[in-house]
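Trainee: Take a look at this one; I'll ask things after.
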Amino acid sequence: MAIVLYRVDERLIHGQVVIGWGHELRPEAYLLVDDELAESEWEQELYRLGAGAVPVDFASVEEARRRLGEWREDARRSILLTRDIRTMRRLGQDRLLAGASVNLGGIHHGPGRTEVLRYLHLTEEDREDLRSLTEEGAEIAARDLPDAPRVPLSTLLKD
């Protein structure tokens, strides 16, 4: 079954992911793609604690790009997470995410961000990265929890 969810969520592993998406999708692994986190053993341990009994793999963007085929062919049901849109865009360059559905979860208020949905605040750079991901063949929509309505990218980018 491989990767059952590609999600951008600044908190990575937390209640919405583990309980909300986890109960729905029953992941057997979490794949966290983040350059800084891939280098920080103590932060990795914190995320492992949050994931409970589900194993967590950590990778930089470059490592994830090399391993994406392996992860897709893995028999384990996995959720792939990035903390920001830029990282997901970098992962998807050269059409590596063509045909994949990318879920936008929690990206909260911050400098230069405007509210698009109550849980989704985007910068102009985020919007450009989302357009790039779409041009690379990914399908993008926002949904904080599995039972929430899916909001397509065309709606998110309306000004």
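Bear in mind these aren't lab numbers, they're just calculated from the coordinates by the rules spelled out. Treat the numbers as computed from the prediction; the structure is a model and nothing was measured. When we count neighbours, we look across all protein chains shown, and the Cβ atoms used for this are built from the backbone with ideal geometry, even at glycine.
Trainee: Are there trypsin sites (Lys or Arg not before Pro) in the range 55-115 that DSSP marks as loop and that have at most 16 other Cβ atoms within 10 Å, and which are they?
Mentor: Working: sites: R65, R66, R67, R72, R76, R77, R83, R86, R89, R90, R95, R113; in loops: R76, R77, R83, R113.
Sparse-neighbourhood loop trypsin sites (Lys or Arg not before Pro): R76, R77, R113.
Trainee: Counting only Cα, what are the radius of gyration and maximum Cα-Cα distance Dmax of the range 3-156, in Å?
Mentor: Final numbers for Rg and Dmax: 14.4, 41 Å.
Trainee: Evaluated at 25 °C with a viscosity of 0.890 mPa s, what Stokes-Einstein diffusion coefficient in µm²/s does the range 44-110 have when Rh comes from the Kirkwood expression over alpha-carbon pairs?
Mentor: For these conditions, the coefficient is 182 µm²/s.
Trainee: Give me D for the range 1-47 in µm² s⁻¹, whole number, from Stokes-Einstein with Rh from the Kirkwood sum over alpha-carbon pairs, 37 °C and 0.692 mPa s. The partial results should precede the final answer.
Mentor: Details: Rh = 11.7 Å.
Approximately 281 µm²/s, per Stokes-Einstein.
Trainee: Just name one of T114, V33, A138: the one whose Cα is farthest towards the positive end of the charge dipole of the chain (beta-carbon charges, Lys/Arg +1, Asp/Glu -1).
Mentor: A138
Trainee: Moving on. Looking at the calculated P(r) for the range 84-159, what percent of the C-alpha pair distances fall above 16 Å? Before the final figure, lay out the partial values.
Mentor: Numbers: 1273 of 2850 pairs.
Here the long-distance tail beyond 16 Å is 45 percent of all Cα pairs in the range 84-159.
Trainee: Shifting gears a bit: Give me the net charge of R65's neighbourhood, meaning all other residues with Cβ under 10 Å from the Cβ of R65; Lys, Arg count +1, Asp, Glu -1. Can you show the working numbers first?
Mentor: On the way: positive: R66, R67, R90; negative: E62, E63, D94.
Residues close to R65 contribute a combined charge of 0.
Trainee: What is the calculated FRET efficiency for E136 to L25, with r their C-beta to C-beta distance and R₀ = 35 Å, to the nearest 0.05? Walk me through the numbers on the way to the answer.
Mentor: Working: r = 24 Å, r/R0 = 0.68.
Calculated transfer efficiency: 0.90.
Trainee: Okay, moving on. Please work out how much length the chain gains when fully extended from S101 to A2, using 0.36 nm per residue of separation minus the C-alpha to C-alpha distance, in nm with one decimal. Walk me through the intermediate numbers first.
Mentor: Details: separation 99, 0.36 × 99 = 35.64 nm, distance 1.34 nm.
Value of the extension gain: 34.3 nm.
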